[in-house]
Amino acid sequence: MIKKCSSTFFSIKPQKFTGIDYVVEGDYSSASYLLGAVAILGGKITVKNLFKNSKQGDKLILEILEKNGF
């Protein structure tokens, strides 16, 4: 199949796609707002896919909340 894009031609060869299951790690930065709100206002929250061995620097929010009694 040949596609035309402006004045440049390129060819797209048939390909095969094989899907897999993959868990996308949650974002500590985004979750920190919810965690902080629950810490201030009280209540409970469950946030999934925030991994303890994450390399995200914002995971320190968990230590900060814990040190402050939350």
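If you go through the range 19-46 one residue at a time, how many are in contact (Cβ under 8 Å) with a residue 24 or more places away in the chain and under 12 Å from the mean Cα position of the chain (by Cα)?
Result for the range 19-46: 8.
Listed residues ILE45, ILE64, ILE20, ILE40; which is loosely packed, with under 13 Cβ neighbours inside 10 Å and in a helix (DSSP H, G or I)? It would help to see each step written out before you state the result.
Values: ILE45 fails: in a helix (DSSP H, G or I); ILE64 fails: loosely packed, with under 13 Cβ neighbours inside 10 Å; ILE20 fails: in a helix (DSSP H, G or I).
It is ILE40.
Tell me the residue from LYS48, LYS16, LYS52, LYS44 that is within 14 Å of PHE70 (Cβ to Cβ), modelled with pLDDT under 95 and charged (D, E, K, R), please.
Going through LYS48, LYS16, LYS52, LYS44 in turn, the sole match is LYS44.
For the range 23-37, give me the residue count where each residue is part of a helix (DSSP H, G or I) and either open to solvent by 80 Å² or more (accessible area, probe 1.4 Å) or over 24 Å from GLU63 (Cβ atoms) (or both).
Residues flagged as part of a helix (DSSP H, G or I) and either open to solvent by 80 Å² or more (accessible area, probe 1.4 Å) or over 24 Å from GLU63 (Cβ atoms) (or both) within the range 23-37 amount to 2.
Output the number of the condition that LEU50 fails; it satisfies all remaining conditions of (1) open to solvent by 80 Å² or more (accessible area, probe 1.4 Å); (2) hydrophobic (A, V, I, L, M, F, W, C); (3) not in a helix (DSSP H, G or I).
Here LEU50 clears every test but (1).
The values are calculated or read from the model by the stated rules, or taken from the named source; none is laboratory data. These numbers come from a predicted model, not from an experiment. Methodologically, a virtual Cβ is constructed for each residue, glycine included, from the backbone with ideal geometry; neighbour enumeration extends over all protein chains shown. The accessibility values were calculated without ligands, DNA or RNA, using every heavy atom of the protein model including side chains. Shrake-Rupley method; radii C 1.70, N 1.55, O 1.52, S 1.80 Å.
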